[in-house]
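Here is the structure we will look at, set down as structure tokens.
The values are calculated or read from the model by the stated rules, or taken from the named source; none is laboratory data. Keep in mind that this is a model prediction, so the values were computed, not measured. Note that we place each Cβ from the backbone using ideal geometry, even for glycine, and neighbour counts take in every protein chain shown.
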Amino acid sequence: MTPRQPSARRSLTVRPRLPEPIVGLATLADNLRWTWHAPTRALFGEIDPHTAIVGDPRTVLADAPSARLEQLAADEDFVQRVSDAVEELNGESTAGTPFGYSVAYFSPEYGITESMAQYSGGLGVLAADHLKAAGDMAVPLVAVGLFYRHGYFHQRLTVDGWQEEYFEDNDPHALPMTEVAIDPILVEVAGRDIALRVWRVDVGRIPLYLLDADLPQNPEDLRLVTDRLYGGDVEHRLRQELVLGVGGVRALDALGAMPTVFHTNEGHAGFLGLERIRTLIKGSGLDFSEATQAVRATSVFTTHTPVPAGIDRFPRELMERYFSTWALECGIDIDGLMALGHEPHERSDRPFNMAVMGMRLSRFRNGVSAKHGRTSREMFASLWPDVPVDEVPITHVTNGVHAETWTGPEVAGALEGTTPGDLDPQALRTARDTARARLVTTVRDRLRSRGLAAGRSPSELRWTESALDPKVPTVGFARRMATHKRAALLLEHPDRLRAMLSSTTEPIQFVFAGKAHPGDEAGKEMVRRLVSFANEPTNRNRFVFLEDYDIALARSMVQGVDIWLNTPMAPLEASGTSGMKAALNGAINLSVLDGWWDECFDPGSGPSGTPNGWAISATGSATGAATGTATGTAVQDQRAELDANSLYEILEHQVIPLFHGTAEVGHDWHDLMVRSLETLTPRVTARRMVDGYAEHLYEPAAALGRLLSDDDHSGARDLAAFVERARDLWNGVQVYEVSMDESVGELGAPRDVRAAVHLGGLAPSEVQVQAVVGHLGAGGEITDPQVVQMALEEPGDDPGDVTAWTAQVELSVAGRMGVTVRVMPQSPYLGSGTTSGALDLGLVRWAQ
Ligand SMILES: *Cc1c(COP(=O)(O)O)cnc(C)c1O
């Protein structure tokens, strides 16, 4: 018997003493850049040549024998590389940046690396990729989130495939973060104060601040506010969001890190807008509407879900309890508060909608793919009742992924110094084979260790040694197991799938993974069906379901699979990002046309005619045949049937024969990979995404913010006064008459349009009048409208209340053309840009 060991009551990390020439290693180890930065990984790999893959480099340092460290300190090349890596890390962050503004990015979760379990899925991984790319580009950005002691749940499967959940403890002192030495941040939570400490995580050049309520001075129930990610009931959720939004702004203030622009990643951090309004009222003497204008001008809101159930809603009673002090300080009543989270005309006792507040308290808003932009404009159209859906001021920036994080070493190596088109086919194939073999090893290890943990004997688990085949084309599917993602679509006709799996001449294999939300019974049932299919003895070597999907598994999968499968029910996939990660690794996407794939799929428009992947159910898929246009069909089952058939067709007639080299088409698998890499690599990176945010949202927000805040916020005051005036007078604004010669004209010829407009007391300079022209539809509607600015006919100081406006429009469409005129308020303080300033107010008067 081993003697009983004493168990520790407290623990700490002890740093080794590093020789002077390589002290920089400590800096490199403390910064999470090592998780994606190959040169840094190489340095730590060399400290202990026996550990090929770097775990936590702080442990590597702690475990390193001092003789080894001395040896490295004497190695000039090593010392130089340490100092290069440190310099690159610090370099541009201190040297100033090309960006003339700073941004605070708020998100409820961050998925930086598997060992920081502060994420549940896509939203968190996206947030982390945003930070990583922003750092690479030296965008001055600070990030704010919560530190969850127990993170998100882990998934364990019972023998019958039912999901069980359990939580792990994250000891903050053992994680790569440091406590910031400031007084605790205080936030009022329904009459009590909660104290928050602040942790700092360094993600490349970007600092991430995480707020943590687990302090001894807090009452027990409040210590638990940051216990779990998305845990607890609706009140718990409200408290978390209060802490994130309000506490986050206060923490930035305490850190001296108040930014120019605030970016809210989904609605959960939206209360930051309320805190900013309050501080402007207290600190700068603005009234509520002035402060609101100032806040909106510098706020960017990104919506991520077209699923209404995905939006937080809080009952009025809770809002009243948690925000009555705030309302009092801001000089508004509870109805006024509730209106921020309501659509127009919504009853004031309806729950408070965080996405609606996000829209109302931001001037700059976006969805996360072109298609999701359109869906969002429809979803939130009620906030701009007189604005045509296409012009609802919500734009889009398509999501992207951090290439250095997600590209595997094999394919990165093959692509180094060359372009996909010039790649040696053999080099790419070898890279893919190696990455696939690595995935197969991971799968076998995971299956075996989970089996052992579940009490199986090694002999019962012998089959795992030959689970999957490193040479067989591999399809990956991994994501949250929610009903609308339809993970079980492939099981619609299990015999058809079994036939593919059991082929001895042209086999194919599948790897599935994903967690269902603990409260989602339908999602859990989907997991159970997949697991039970995977457990069939005839399937288990070709079809596996892996437990506890996380970033590490995601990395192996996107790097090792040949085909990435995605089967959402359109249009419910906002973007999706896993297929992008797979594409960077040379995998081919096989997906429903939704989210990012809707804009990036190319059926073969290039000179070679090779497609860059496959679209399930699309006309013009690589077969060239319409395999069912399920979109728009009301009946979900029918859609599933059509999509499933399309999926089987593509697998049987495209994927399998192409991979095995027996397809009789004009291209082969290598061509597909090249086409996918060439067309997708430039479009799917987080760099492209952050560029989009910087150009279309951050930059105009910073500019408008300056305009409104200069001279003690005189712009915000003027704008608030103008908006009030415009609203008051708006009823009197009328377009009397639109006149135009209606005789037949030649295409391309000019035609005059005149309008008589009653301004109701507004000055001509306070409005803009526009002619709207386009195709005339059967019901008299104008489709594909073009907007032409109209000019005041007789500019003068006092043109009287009825004004005449003119424009020359081009007869730009053949056939029937329609023309109308509209008026909108106009002020330099409304800003312009992607989400048009004048439309933002939602005051549009159309000719009757
Ligand atoms: C990329 C990623 C996601 C996001 O997947 P979607 O394709 O957006 O559904 C979720 N979880 C992990 C671990 C990831 O790496």
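Key figures for this structure:
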| read-out | value |
| --- | --- |
| Cβ-Cβ under 9 Å pairs, at least 6 apart or on other chains, region 468-490 side in contact (Cβ under 8 Å) with a residue 60 or more places away in the chain and farther than 18 Å from PRO518 by Cβ, far side polar (S, T, N, Q) and within 16 Å of the ligand (Cβ to nearest atom) | GLY476/SER578; PHE477/ASN566; PHE477/THR567; PHE477/SER578; ALA478/SER578; ARG486/THR567; LEU489/THR567; LEU490/THR567 |
| Restricting region 579-621 to residues that are touching a residue at least 60 places away in the same chain (Cβ under 8 Å), within 14 Å of the ligand (Cβ to nearest atom) and not in a helix (DSSP H, G or I), the residue that is surrounded by the most Cβ atoms within 10 Å (Cβ to Cβ) | ALA587 |
| Close pairs (6 angstrom Cβ cut-off, 6 or more residues apart or separate chains): within 22 Å of LEU553 (Cβ to Cβ) and touching a residue at least 40 places away in the same chain (Cβ under 8 Å) in region 398-416, more than 11 Å from the ligand (Cβ to nearest atom) and of a type in the set (Ser, Thr, Tyr) anywhere | GLY400/THR685; ALA403/THR685; GLU410/THR434 |
| Out of VAL738, VAL813, VAL744, VAL809, sole residue that is of a type in the set (Val, Ile, Thr), out of contact with any strand residue (DSSP E or B) (no Cβ under 6 Å at 6 or more places or on another chain) and outside any helix (DSSP H, G or I) | VAL744 |
| Residues within region 223-256 that are of a type in the set (Gly, Ala, Ser) and modelled with pLDDT under 95, tallied | 2 |
| Residue in region 396-405 that is over 30 Å from HIS154 (Cβ atoms) and assigned to a helix (DSSP H, G or I) present | no |
| Any pair with Cβ under 7 angstrom, 6 or more apart, that starts in region 520-548 at a residue that is touching a residue at least 60 places away in the same chain (Cβ under 8 Å) and ends at one that is charged (D, E, K, R) and assigned to a strand (DSSP E or B) | GLU547/ARG156 |
| Looking only at region 549-570, and only at residues there that are part of a helix (DSSP H, G or I) and near the ligand (Cβ under 8 Å from one of its atoms), the one that is farthest from SER120 (Cα to Cα) | VAL558 |
| Residue ID - farthest from the ligand (Cβ to nearest atom), chosen from residues in region 448-487 that are touching a Leu at 6+ places or on another chain (Cβ under 6 Å) and modelled with pLDDT under 95 | GLY451 |
| Test set (1) over 30 Å from LYS485 (Cβ atoms); (2) under 20 Å from the mean Cα position of the chain (by Cα); (3) modelled with pLDDT under 95 - LEU361 fails condition number | (3) |
| Conditions (1) out of contact with any Pro (no Cβ under 8 Å at 6 or more places or on another chain); (2) crowded, with 17+ Cβ neighbours inside 10 Å; (3) not basic (Lys, Arg); number of the one not met by ALA181 | (2) |
| All positions within region 438-465 that are within 18 Å of GLY408 (Cβ to Cβ) and either touching a residue at least 60 places away in the same chain (Cβ under 8 Å) or exposed (fewer than 13 other Cβ atoms within 10 Å of the Cβ) (or both) | ARG438, LEU439, VAL440, THR442, VAL443, ASP445, ARG446 |
| Residue satisfying all of: in region 352-378; in a helix (DSSP H, G or I) and within 15 Å of the ligand (Cβ to nearest atom); surrounded by the most Cβ atoms within 10 Å (Cβ to Cβ) among these | HIS372 |
| Tally of residues being at pLDDT below 95 and more than 11 Å from the ligand (Cβ to nearest atom) across region 102-121 | 2 |
| Within region 129-149, tally of residues that are under 28 Å from ALA213 (Cα atoms) and of a type in the set (Val, Ile, Thr) | 2 |
| Condition met for LEU546 (hydrophobic (A, V, I, L, M, F, W, C), buried (at least 21 other Cβ atoms within 10 Å of the Cβ), more than 16 Å from the ligand (Cβ to nearest atom) and at pLDDT 95 or above) | no |
| Every residue from region 122-147 that is more than 16 Å from the ligand (Cβ to nearest atom), at pLDDT 95 or above and touching an Asp or Glu at 6+ places or on another chain (Cβ under 8 Å) | GLY145, LEU146, PHE147 |
| Some residue of region 571-578 being within 19 Å of the chain's Cα centre (by Cα), more than 9 Å from the ligand (Cβ to nearest atom) and farther than 16 Å from LEU468 by Cβ | yes |
| Number of the exception - TYR152 against (1) within 25 Å of the chain's Cα centre (by Cα); (2) away from the ligand (no atom under 16 Å from the Cβ) | (2) |
| Those helices (runs of 4 or more DSSP H) lying entirely in region 654-706 with at least 3 residues more than 30 Å from ARG363 (Cα to Cα) | 656-660, 669-680 |
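This table checks each residue for (1) within 25 Å of GLU460 (Cβ to Cβ); (2) among the basic types (Lys, Arg); (3) outside any loop (DSSP other than H, G, I, E, B); (4) within 16 Å of the ligand (Cβ to nearest atom).
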site: ARG498; (1), (2), (3), (4): yes, yes, yes, no
site: GLU506; (1), (2), (3), (4): no, no, no, no
site: HIS517; (1), (2), (3), (4): no, no, no, yes
site: MET526; (1), (2), (3), (4): no, no, yes, yes
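One line per residue, one yes/no per condition, for (1) within 16 Å of the ligand (Cβ to nearest atom); (2) modelled with pLDDT under 95; (3) crowded, with 19+ Cβ neighbours inside 10 Å:
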residue	(1), (2), (3)
GLY336	no, no, no
PHE380	no, no, yes
PRO385	no, yes, no
VAL392	no, no, yes
THR405	yes, no, yes
GLY408	yes, no, yes
ALA414	no, no, yes
